[in-house]
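For reference, the structure discussed in these notes is given below.
Only the coordinates and a few stated rules stand behind these numbers; no lab work does. The model shown is predicted, which means the values in this text are computed figures rather than measured ones. Don't worry about glycine lacking a Cβ; one is built from the backbone with ideal geometry, like all the others, and counts go over all protein chains shown.
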């Protein structure tokens, strides 16, 4: 995994732990930002690049688990690696069920920590790529006329031109023209492409 254009955020109220993790991360080329509290993290200017959050479970004020829930509710999608000196099985289960990718008990091996961080960055990079693809598809779908959207949904559902024509009370020729426009605007090279795009968009005829 490349650390190029990625960042690791560390939230831990222990200054020596923050310094140690920052030093480790930077020693292998990662950009790292460390904070003593969740509030410092929220108030910081964070780069818009793939990242991972290393979060201590026990913090002053809100706990790491509470902060995990807060991030989820706020729509901040950062893979989280929990670290703790006082972990237990119920706590780790709660964290993992809520989406954490790892729960490490101090002292942990450097390699275990780095493996978890690398996995988090890879996950965030994949999520961002998928979000960019979806945003592009939504823009293409937004360029369709209401009639073209109806026809796209029906085509993606596997209906033939004559079936669509009967359902929408159009001529088959008109359906073919609209269908060609849909393929062009959606940049679909084949019917399987269009079906895949519709599936990603979760297009539903009842919502048109």
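Taking Cα pairs under 8 Å and at least six residues apart, what relative contact order does segment 143-207 come out at, in percent? Spell out each step's value before the answer.
Working: 50 pairs, mean separation 26.2, N = 65.
Averaging sequence separation for qualifying contacts and normalising by length gives 40 percent for segment 143-207.
Of 42, 59, how do they rank once you tally other Cβ atoms within 10 Å and put the fewest first?
Details: 42 15, 59 21.
Starting with the residue having the fewest Cβ neighbours, the order is 42, 59.
Normalized C-alpha radius of gyration of the chain, against 2.2 N^0.38 Å? Working shown, then result.
Values: Rg = 23.7 Å, N = 208, 2.2 N^0.38 = 16.7 Å.
For the chain, the normalised Cα radius of gyration is 1.42.
Report, largest value first, the span of the C-alpha coordinates of segment 66-184 along each principal axis, in whole Å.
The Cα atoms of segment 66-184 stretch 71, 24, 23 Å along their principal axes.
With each run of n ≥ 4 DSSP H residues scored as -39500 (n - 2.57), what mean residue ellipticity at 222 nm is computed for the chain after dividing by its residue count and rounding to the nearest 500 deg cm²/dmol?
Values: 9 runs with 117 residues, N = 208.
Rounded to the nearest 500, it is -18000 deg cm²/dmol.
In percent, what relative contact order does the chain have, based on Cα pairs under 8 Å that are 6 or more apart in sequence? Mind showing how you got there, number by number?
Numbers: 259 pairs, mean separation 31.7, N = 208.
Here the relative contact order equals 15 percent.
Given all pairs of different Cα atoms, what value in angstroms does the Kirkwood hydrodynamic radius of segment 143-207 take?
Values: mean 1/r = 0.0864 Å⁻¹.
11.6 Å is the Kirkwood radius here.
From zero up to wherever the largest Cα-Cα distance of segment 1-86 sits, split into 10 Å bins and tell me the percent of pairs in each.
17, 54, 26, 2
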